[in-house]
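Novice: The structure's right below; bear with me while I get my questions together.
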Amino acid sequence: MEMNEEMNPAIKRVNYHTHTNYCKHAAGTAAEYAAQARRRKVEILGFSDHLPFPGNPYGYRMDMEDLEAYCRDVGKERERYQGQMEVFCGFEGEYVEGQEDYYEWLYKENFCQYMLLGQHWFADGKGQVWQTGGVPSTEYYPLYVDWLLKGMRTGFFRAIAHPDLIFMNSYAWDKYCEIACDRLLEGCTAHNYLLEFNANGYRRGICRFEDGERFQYPHRKLWEKIARTSLPVIIGSDCHHPKQVYDETVLDAYREAEELGLCLVTELF
Ligand SMILES: [Zn+2]
Ligand SMILES: [Zn+2]
């Protein structure tokens, strides 16, 4: 680990993808994540817990009723580390058609300073909703990308979190994967849009898929394509436990990103 740390001493230590126990599937309070970030010499810590929606229609996230407490907790850490570490309050959220007023309200009422677009599900042309990791075939991959690009164009999201989440599906690489990735890059290039290289995929380990063994994500084929563009890339820990804030896996992600030749940035906004 020490050797890895020597590799990029010039890179500012940041993490904008941090969860808390408010989402009900992560461990640790905002205070515990912030303390660990400080120990790991992180200079900017952004909290981005899973975004609640009015009426709590979706699972795997905080309840709408916890919104204020979450922001208050993050605010306490911002005060605690003033002058030592910048702390931002954000969310990782899905783009949902018709929720534009809600996103706007979150910013206007100061509930967040940024949002990451994490599209954990999407709808097809018939309105049928699919979990991103549970689609029937690769033909759905370009639809997933369409959804990402729609979210991007709203202007509410600062970056696309794990854009390659769709590769959780086990299908072999084919022309639809190619189409999806190219469409993503074309759409992002038009806006010079920021993409997140998500370290949490590494924590899920190598899986056996139709076309052999690989990580669910980051998917090498997509990132090799991104490396041939000048699109900005940010690394996110996507930590669901305080010890993952800026852990060895994050350092591995930096090493991999540098080897790929990605255009790394450390500022989200
Ligand atoms: Zn999560
Ligand atoms: Zn996340």
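The values are calculated or read from the model by the stated rules, or taken from the named source; none is laboratory data. Just so you know, these numbers come straight off a predicted model, no measurement behind them. Note that each Cβ is placed from the backbone with ideal geometry, even for glycine, and that neighbours are counted across all protein chains shown.
Novice: Condition (residue is in a helix (DSSP H, G or I) and touching a strand residue (DSSP E or B) at 6+ places or on another chain (Cβ under 9 Å)) applied to the range 113-120: is it met by at least one residue?
Specialist: no
Okay, residues lined up against (1) out of contact with any helix residue (DSSP H, G or I) (no Cβ under 9 Å at 6 or more places or on another chain); (2) away from ligand 2 (no atom under 16 Å from the Cβ); (3) among the acidic types (D, E); (4) within 21 Å of C239 (Cα to Cα):
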{"position": "T29", "(1), (2), (3), (4)": "no, yes, no, yes"}
{"position": "Q36", "(1), (2), (3), (4)": "no, yes, no, yes"}
{"position": "V42", "(1), (2), (3), (4)": "no, yes, no, yes"}
{"position": "P57", "(1), (2), (3), (4)": "yes, yes, no, no"}
{"position": "A69", "(1), (2), (3), (4)": "no, yes, no, yes"}
{"position": "D73", "(1), (2), (3), (4)": "no, yes, yes, yes"}
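Novice: Can you tell me which residue in the range 160-196 is nearest to D211 (Cα to Cα), limited to those that are among the acidic types (D, E) and buried (at least 21 other Cβ atoms within 10 Å of the Cβ)?
Specialist: Filtering first and then ranking leaves D164.
Novice: Continuing with the same structure: Give the residues of the range 190-213 that are closer than 26 Å to S230 by Cβ and either of a type in the set (V, I, T) or assigned to a strand (DSSP E or B) (or both), sorted by residue number.
Specialist: L194, L195, E196, F197, N198, listed by residue number.
Novice: Still on this structure, I have one more. So, in the range 21-71, exactly how many residues are within 13 Å of ligand 1 (Cβ to nearest atom) and in contact (Cβ under 8 Å) with a residue 24 or more places away in the chain?
Specialist: 16
Novice: Quick check on this structure: which one of Y58, Y33, Y16, Y22 is assigned to a strand (DSSP E or B) and on the phi < 0 side of the Ramachandran plot?
Specialist: Answer to the selection: Y16.
Novice: Another question, if that's okay. Exactly one condition in (1) under 16 Å from V42 (Cα atoms); (2) touching a strand residue (DSSP E or B) at 6+ places or on another chain (Cβ under 8 Å); (3) within 16 Å of ligand 1 (Cβ to nearest atom) is not met by T249; state its number.
Specialist: If we test T249 against (1) under 16 Å from V42 (Cα atoms); (2) touching a strand residue (DSSP E or B) at 6+ places or on another chain (Cβ under 8 Å); (3) within 16 Å of ligand 1 (Cβ to nearest atom), just (2) comes out false.
Novice: Across the range 107-123, what is the total count of residues that are touching a residue at least 60 places away in the same chain (Cβ under 8 Å) and closer than 9 Å to S48 by Cβ?
Specialist: 4
Novice: A follow-up question, please. Read through the list (1) of a type outside the set (G, A, S); (2) in contact (Cβ under 8 Å) with a residue 40 or more places away in the chain; (3) in a loop (DSSP other than H, G, I, E, B); (4) out of contact with any Lys or Arg (no Cβ under 8 Å at 6 or more places or on another chain), then give the number of the only condition that Q82 fails.
Specialist: (2)
Novice: Turning to a different aspect of this structure: Based on what the data block shows, is G151 within 16 Å of ligand 2 (Cβ to nearest atom), surrounded by 17 or more Cβ atoms within 10 Å (Cβ to Cβ), over 25 Å from A30 (Cα atoms) and at pLDDT 95 or above?
Specialist: Criteria met by G151.
Novice: All but one of (1) more than 17 Å from P232 (Cα to Cα); (2) out of contact with any helix residue (DSSP H, G or I) (no Cβ under 7 Å at 6 or more places or on another chain); (3) modelled with pLDDT of 95 or more hold for W130; which doesn't?
Specialist: The number of the failed condition is (2).
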